[in-house]
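K.L.:
Sharing a structure here in structure tokens format.
The values are calculated or read from the model by the stated rules, or taken from the named source; none is laboratory data. The model shown is predicted, which means the values in this text are computed figures rather than measured ones. Here Cβ is always computed from backbone atoms with ideal geometry, including for glycine, and neighbour counts include all displayed protein chains.
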Amino acid sequence: MITLPDRECRLLLRARNGARLFLDGKLILEAPFHTINGSAHGKIRHVDVIKNETIRPLYVGDNEKVATLRGDGKPHRLRLELFLGGKKKRPELGETSVSLEGEDGLFRILSPQKAWRYAITDDEFFAFREQDRLYQQELNAERRRIAGKEETNYWDQRHELARTVLQGKPKIPIPNVKNASAVYNPIDRFINEKLESGKLEPNQLIDDWAFVRRVTLDVIGTVPTPEQIESFFADKPEGRRERYIELLLKHPGWADHWVSYWQDVLAENPNIVNPTLNNTGPFRWWIHESFLDNKPFDRFATELIRMEGSKHYGGPGGFEMATQNDVPMAAKAHIVGQAFLGLEMKCARCHDAPFHDFKQSDLFQVAAMLRRGPQAVPKSS
């Protein structure tokens, strides 16, 4: 329900595909489907130009329509019907919106909540998109938690079993080292033992300024902001490095930064549409959501290798795609072996390599496992 002011006012509809706007059940605006072809001879679509220099330009691919009506200061029911996507039409929204012109000449998004009534200007629309992105991110995370509850319980049981099994195993002896001052955790003892055997000295612990810069770059991929630096040094020295790391791991930049790393590890090209060789497009969003959800690494690797779910809309099934390749699963076997086993199996794609322990048959056995069926060696090998 919205209240139209007691004056003449204009409603602006912007939509990517076909859309209709109803006021109290009566059709008042209709945006056409956006049709375009690659011949460069299509008709230029009509756009209702708003004579206002401050309004945000119409987004490429969107349509807009304007309706002028008389308000009465009373509440009315507004309904928007929108075609999201279908055959030969990707499910895209563009910058779909319904906005009302104010007395100051600015069009503002119609919403029952005042916090969402942004003006259709560049500055305010960017703020709206960021608020909407955070809202959708939180909503999607909650939906994933609900949908994956049983799967999460299964992995929790696996982890509990692993802890139980490990507790029954003999403990690995922790080596003694001469330079105990360079030991900050048990791992340092193993590293320092190797250094001492090679008559090498461990590096000194870096100072706080170097630490906050390095760890911020490592975890979220950017240099620390003045606010982050101030917050770090305002914390009490005892344990503040550990607390700062935990803070960074909760930062959204943690997921943003490590998606690019894993795209490199998995030999993914950066394009979103028209997948070609090792270009799985929206598959990156599964990687991003895995980091946002703090998914355990064993579950991450398992879901990746199983390659189930959507191929085109952000599921791990997208990792399966490898066009321009006569044996896609052999290519994926090479990538998986390199990513998780540290093995370079590229040569085995075509022949038995004389300088490696594994043979071509080993690579194609992994390919058959990924394919879940027999995998023949092509004539090109």
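K.L.:
Looking only at the stretch 105-117, decide whether some residue is part of a strand (DSSP E or B), out of contact with any Gly (no Cβ under 9 Å at 6 or more places or on another chain) and not assigned by TED's automatic domain parsing to the domain that holds residue 296.
P.N.:
yes
K.L.:
I've got another one for you. Just need a number here: residues in the stretch 215-256 that are surrounded by fewer than 13 Cβ atoms within 10 Å (Cβ to Cβ) and not in a helix (DSSP H, G or I).
P.N.:
7
K.L.:
Also, quick follow-up: Can you tell me how many residues within the stretch 106-130 are over 17 Å from residue 59 (Cα atoms) and surrounded by 14 or more Cβ atoms within 10 Å (Cβ to Cβ)?
P.N.:
5
K.L.:
Suppose we keep only residues that are out of contact with any Leu (no Cβ under 7 Å at 6 or more places or on another chain) and of a type in the set (S, T, N, Q) within the stretch 295-344. Which one would you say is nearest to residue 144 (Cα to Cα)?
P.N.:
Result: 310.
K.L.:
Still on this model: Is it the case that residue 212 is part of a helix (DSSP H, G or I), exposed (fewer than 10 other Cβ atoms within 10 Å of the Cβ) and not polar (S, T, N, Q)?
P.N.:
The answer is no for residue 212.
K.L.:
Taking only pairs six or more apart or across chains, which ones have beta-carbon atoms under 7 Å, a first residue in the stretch 167-196 that is surrounded by 12 or more Cβ atoms within 10 Å (Cβ to Cβ), and a second residue that is small (Gly, Ala, Ser)?
P.N.:
Once the first residue is surrounded by 12 or more Cβ atoms within 10 Å (Cβ to Cβ) and sits in the stretch 167-196, its partners that are small (Gly, Ala, Ser) give 188/182; 192/182.
K.L.:
Starting from the stretch 314-343, keep only residues that are in the same structural domain as residue 90 (by TED's automatic domain parsing), then list their pairs with residues that are of a type outside the set (D, E, K, R) and not in a helix (DSSP H, G or I) whose Cβ atoms are within a distance under 9 Å, requiring at least 6 positions of separation or different chains.
P.N.:
none
K.L.:
Mind checking which residues of the stretch 264-302 are modelled with pLDDT under 90, part of a helix (DSSP H, G or I) and not assigned by TED's automatic domain parsing to the domain that holds residue 322?
P.N.:
264
K.L.:
Test of understanding: among 135, 154, which residue is part of a helix (DSSP H, G or I) and either under 22 Å from residue 1 (Cβ atoms) or assigned by TED's automatic domain parsing to the domain that holds residue 15 (or both)?
P.N.:
135
K.L.:
Is there any pair with a first residue in the stretch 240-260 that is without any contact (Cβ under 8 Å) to a residue 60 or more places away in the chain and under 17 Å from residue 297 (Cα atoms) and a second that is among the charged types (D, E, K, R) and surrounded by 15 or more Cβ atoms within 10 Å (Cβ to Cβ) whose Cβ atoms are under 8 Å apart and which are 6 or more apart or on different chains, and what are they?
P.N.:
Partner pairs satisfying both residue conditions: 255/289; 259/284.
K.L.:
Turning to a different aspect of this structure: Scan the stretch 344-365 and give yes if some residue there is part of a loop (DSSP other than H, G, I, E, B), assigned by TED's automatic domain parsing to the domain that holds residue 301 and within 26 Å of the chain's Cα centre (by Cα), otherwise no.
P.N.:
Among the residues of the stretch 344-365, not one is part of a loop (DSSP other than H, G, I, E, B), assigned by TED's automatic domain parsing to the domain that holds residue 301 and within 26 Å of the chain's Cα centre (by Cα), which makes the answer no.
K.L.:
Do you know which residues across the stretch 100-118 are among the small types (Gly, Ala, Ser) and in contact (Cβ under 8 Å) with a residue 24 or more places away in the chain?
P.N.:
Of everything in the stretch 100-118, just one residue is among the small types (Gly, Ala, Ser) and in contact (Cβ under 8 Å) with a residue 24 or more places away in the chain, namely 105.
K.L.:
Every residue in the stretch 57-101 that is acidic (Asp, Glu) and in contact with a Ser or Thr (Cβ under 8 Å, 6 or more places away or on another chain), please.
P.N.:
62
K.L.:
To continue, here is another question. Taking into account only those residues within the stretch 3-37 that are under 38 Å from the mean Cα position of the chain (by Cα) and small (Gly, Ala, Ser), which is modelled with the highest pLDDT?
P.N.:
Once the filter is applied, the top-ranked residue is 19.
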